[in-house]
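Right, one structure below, let's go through it.
The values are calculated or read from the model by the stated rules, or taken from the named source; none is laboratory data. Bear in mind that the values here come from a model prediction, so they are computed numbers and not experimental data. Cβ sites come from the backbone with ideal geometry, for glycine too, and all protein chains shown count toward neighbours.
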Amino acid sequence: MKIDTVTSIIAFITLLQLTLFSVFILTTRNRIRKSLQILSVFLLSNAIFILAFLLREFAADIGINPRPLTTFLLDSGFLFGPTLYWYSVTMTRKVQPGRTILFLHSIPFILYLFFVLIHRGITSSWIIPFSVFQYALSAMHIQILCYMVASIKEISNYQQKIANAYSSLEKMNLNWLKLNVIAFLCMWLVDIINFISGKFEFIPDEAELIMNLLSLLINFLFANLIIYKGLTTPELFIEPMESPAKNKYSGSLLLPEQSYQIAQKLKEFMDKEKPYLEPEITLQELSSKLDIQPRYLSQVINERLNKNFFEFINYYRIEEAKSQLASEEGIEKTVLEILYECGFNSKSVFNTFFKKATGLTPSQYRKRCSIAS
């Protein structure tokens, strides 16, 4: 089977997958994460771009001139960067972009569309000059590069933020977000190499076919991965149910006496073994050390201590930090040394938790303790 035939088959299948997934998300609002709706716009614009590719490939077979339609369809490429960036923002900052912000980020898309319409009004032709089209594609790739850099920076900041205070879901979100950006980065690198080589004609046509196949293959694998993740890890795509705390463990088999015993065992273990000093301790790891089922341990922490797991862990870390800052031995240590010794990985996270717990910065707390003594 020829390369171009294989490429077309993969493109068609990927087009169907991306379109169906995007339409499903955009028309299903019940409990679907808002961030996923932005991702679906990104995937839909990708599907439109693939449609332009297929029209160009099969135009001669179906007897149409592909240029007028592909001129419009390729405008979707100006949505790649903004939608991927705002998907990253909604996943990391947990905020939704307002309409004004979305409009501002859509200006390149709108400008290109207006240019095509104005050109049509002046020349009565939908086909813009090839040189202008090349400039538009160059601008699109530059725009994508800028947004890719912004997205990677957003992920880097998010990774630092949750380096110490993360949950299993936050880590899952981070890994999923990384995968999205890496997959698109790989596709974009292949496409930009293909674009530059086509512009300057320094690689043979066979190599261009292989590059097209590689780009679409990455797209195909990513589309299937999204479907697989949606089936196996629905919490990435579905908002958690917000139920009252008293009903959260309504189906639990844990008896009050057992809950008390677990709480006592947990307190003794925390005081004696100090597992919170491990920077990346998780609920699963702590439950394994205690030989208690994670769901029961989580229930005890939530119900008896009125904290989630990471509030609970960081409470002990802050208490340890307060002890060291107030001690004579701690005077010789810097705040940075103390926060690392107490299990924190980030100064900003430590300062945030410390001030929330004490109302003071670590330096202010140390100064107050030295005055008192």
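If I filter segment 122-164 down to residues being free of Cβ contacts under 8 Å to residues at least 24 places away in the same chain and surrounded by 15 or more Cβ atoms within 10 Å (Cβ to Cβ), which single residue comes out as nearest to Phe353 (Cα to Cα)?
Out of the qualifying residues, it is Ile162.
This table checks each residue for (1) closer than 26 Å to Asp4 by Cβ; (2) out of contact with any strand residue (DSSP E or B) (no Cβ under 6 Å at 6 or more places or on another chain); (3) in the same structural domain as Phe309 (by TED's automatic domain parsing); (4) modelled with pLDDT under 80.
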{"site": "Glu154", "(1), (2), (3), (4)": "no, yes, no, no"}
{"site": "Lys161", "(1), (2), (3), (4)": "no, yes, no, yes"}
{"site": "Glu170", "(1), (2), (3), (4)": "no, yes, no, yes"}
{"site": "Leu174", "(1), (2), (3), (4)": "no, yes, no, yes"}
{"site": "Leu185", "(1), (2), (3), (4)": "yes, yes, no, no"}
{"site": "Phe202", "(1), (2), (3), (4)": "yes, yes, no, yes"}
{"site": "Phe220", "(1), (2), (3), (4)": "yes, yes, no, no"}
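For the structure I just gave you, tell me whether Gly81 is touching a Cys at 6+ places or on another chain (Cβ under 9 Å) and assigned to a helix (DSSP H, G or I).
The answer is yes for Gly81.
Select from segment 310-354 the residues that are basic (Lys, Arg) and modelled with pLDDT under 90 and list them in ascending order.
If the condition is that a residue be basic (Lys, Arg) and modelled with pLDDT under 90, then Lys347 is the only one that fits.
Consider segment 314-335. How many of its residues are in contact with a helix residue (DSSP H, G or I) (Cβ under 6 Å, 6 or more places away or on another chain) and either loosely packed, with under 15 Cβ neighbours inside 10 Å or closer than 22 Å to Gln258 by Cβ (or both)?
Matching residues across segment 314-335 total 0.
Somewhere in segment 103-113, is a residue surrounded by fewer than 17 Cβ atoms within 10 Å (Cβ to Cβ), outside any helix (DSSP H, G or I) and touching a residue at least 60 places away in the same chain (Cβ under 8 Å)?
no
What pairs come up if the first residue lies in segment 323-337 and is free of Cβ contacts under 8 Å to residues at least 24 places away in the same chain, the second is surrounded by 12 or more Cβ atoms within 10 Å (Cβ to Cβ), and their beta carbons are under 6 Å apart, counting only those six or more places apart or on different chains?
Hits for this filter: Gln324/Gly330; Gln324/Ile338.
Report the residue count in segment 348-359 for those that are surrounded by 15 or more Cβ atoms within 10 Å (Cβ to Cβ) and either among the hydroxyl-bearing types (Ser, Thr, Tyr) or assigned to a loop (DSSP other than H, G, I, E, B) (or both).
1
What's the number of the only condition in (1) surrounded by fewer than 20 Cβ atoms within 10 Å (Cβ to Cβ); (2) modelled with pLDDT of 80 or more that Ser22 fails to meet?
Unmet condition: (1).
Scan segment 224-275 residue by residue and report those that are under 18 Å from Arg295 (Cβ atoms), surrounded by 13 or more Cβ atoms within 10 Å (Cβ to Cβ), modelled with pLDDT of 70 or more and among the charged types (D, E, K, R).
Lys265
I'd like to verify a number: residues in segment 25-36 that are modelled with pLDDT of 75 or more and part of a strand (DSSP E or B), how many?
Selection size over segment 25-36: 0.
Restricting attention to segment 276-309, report how many residues are in a loop (DSSP other than H, G, I, E, B) and at pLDDT 90 or above.
Qualifying residue count for the region: 4.
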